[in-house]
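The values are calculated or read from the model by the stated rules, or taken from the named source; none is laboratory data. Source: prediction; values computed, not measured. So basically every Cβ, Gly included, is an ideal-geometry build from the backbone, and we count neighbours across all protein chains shown. The accessibility values were calculated without ligands, DNA or RNA, using every heavy atom of the protein model including side chains. Shrake-Rupley method; radii C 1.70, N 1.55, O 1.52, S 1.80 Å.
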Amino acid sequence: TCRSPRCTTGIALIWDYQPPWWLPGGNAQTIYSAKLARRYVGSKPNWARERWDTPDGDFVDVDWHLPTVDLSEDAPLLVLFHGLEGSSSSHYAQAFAQEAQSRGWRMAVPHFRGCSGEINWQPRAYHSGDYEEIGWILQKMRRQHSGPLYAVGISLGGNALMCWAGEMGNSACTVVDGIASVCSPLDLTASGHAIDSGINKQIYARMFLETMKPRAMAKLAQYPALFDAQKLMAAQTLYAFDDVFTAPVHGFKNTNDYWHRASAKPRLSKIQVPALVLNAMNDPFVPANSLPRQNEVSPQVTLWQPQAGGHVGFTSARFPGDLKPMPEAVTHWMAHG
């Protein structure tokens with residue numbers, strides 16, 4: 001059975017996010033929040049790194065937030081799974097760290113392989129459907145922590161988290177008390193093509209590839225026969241990159257197979273743990289017509305689909321804007337339903 005009393009209700013108030021008038025449109029909201037908005041007020045969040053050995057002879061680096069006050073042993077623990085090319089330094093991770101501290105919660109950011117600043121050892125990296133990794137991390141967290149355990153995934157991390165919950169069914173309730181995905185590409189085909197099209201290709205696909213290509217080439221230096229270097233360096237889209245690297249390295253036939261099999265949307269109807277799925281309708285990465293509807297999800301899944309917010313771009317209204325609104329709303333839902 002679920003540890004949370006909300007397991008049988010699935011009821012929560014809809015979050016009516018209102019963007020600043022001076023940030024019109026999804027692209028402005030996305031870029032401003034990532035680059036210019038205040039991530040925290042006061043001192044910068046501090047992290048202590050812990051390295052976990054994985055069952056396949058690799059490692060995962062987990063950053064634990066160091067609170068400025070003492071917390072009780074059974075204080076809630078929030079585990080944040082970052083997005084594509086993210087880390088504990090990402091704007092949303094720092095914003096969640098401040099919110100967790102204000103609630104008296106512990107917080108940890110496990111890094112997907114290769115995202116902690118050090119290349120991992122095995123001939124693999126990470127991908128949007130990496131739910132086995134999610135499961136291993138959460139099980140280890142559960143064994144170490146006696147209090148409430150919540151997990152939130154941002155973008156790619158949220159898709160993988162929802163894949164895990166769908167695959168686990170009732171068993172997820174023995175591990176976590178609640179989960180949330182924020183701006184996740186739950187239909188990877190729709191989101192992949194959106195990122196690779198028009199102005200998105202010039203802004204976002206190019207930005208991601210600037211860091212993804214060097215990491216892939218570093219992996220090739222470890223394992224020289226892993227993929228075709230010339231094809232990878234020629235890739236101008238996420239589709240092309242995934243076709244050369246992500247898909248074949250992680251056991252998929254090609255990009256189409258990867259995007260189809262790794263999407264969380266078909267699994268949302270199988271989720272049996274309280275789950276919040278938050279997506280802005282004007283997210284440049286996630287087409288509104290690809291978002292799940294109520295009849296496509298289980299009764300345990302709460303859908304928040306505000307009109308604005310871009311891609312993790314929920315800035316507060318008062319200039320210069322901070323990132324408090326979304327972490328505050330998500331953690332409140334986790335604590336109270």
Take the conditions assigned to a helix (DSSP H, G or I) and either out of contact with any helix residue (DSSP H, G or I) (no Cβ under 6 Å at 6 or more places or on another chain) or at pLDDT 95 or above (or both) and apply them to Gln98. Does it pass? yes
Condition test on His332, is it part of a helix (DSSP H, G or I), within 19 Å of Ile14 (Cβ to Cβ) and open to solvent by 20 Å² or more (accessible area, probe 1.4 Å)? yes
When you go through Ser116, Ser128 one by one, which is the residue that is buried (at least 23 other Cβ atoms within 10 Å of the Cβ), modelled with pLDDT of 95 or more and polar (S, T, N, Q)? Ser128
Just one listed residue, out of Gly57, Gly83, is touching a helix residue (DSSP H, G or I) at 6+ places or on another chain (Cβ under 7 Å), assigned to a loop (DSSP other than H, G, I, E, B) and either among the β-branched types (Val, Ile, Thr) or at pLDDT 95 or above (or both), and it is Gly83
Complete set of residues in segment 296-305 that are crowded, with 19+ Cβ neighbours inside 10 Å and within 25 Å of Ser33 (Cα to Cα): Thr302, Trp304
Checking Tyr150 against (1) touching a strand residue (DSSP E or B) at 6+ places or on another chain (Cβ under 7 Å); (2) part of a loop (DSSP other than H, G, I, E, B); (3) of a type outside the set (A, V, I, L, M, F, W, C); (4) over 26 Å from Val249 (Cβ atoms), which test does it fail? (2)
Residue list for segment 117-131, filter: within 15 Å of the chain's Cα centre (by Cα) and over 19 Å from Leu226 (Cβ atoms): Ser128, Gly129, Tyr131
Residues that are open to solvent by less than 40 Å² (accessible area, probe 1.4 Å) and modelled with pLDDT of 95 or more: find the helices (runs of 4 or more DSSP H) completely inside segment 184-295 holding 3 or more of those. 188-195, 206-222, 238-241, 255-261
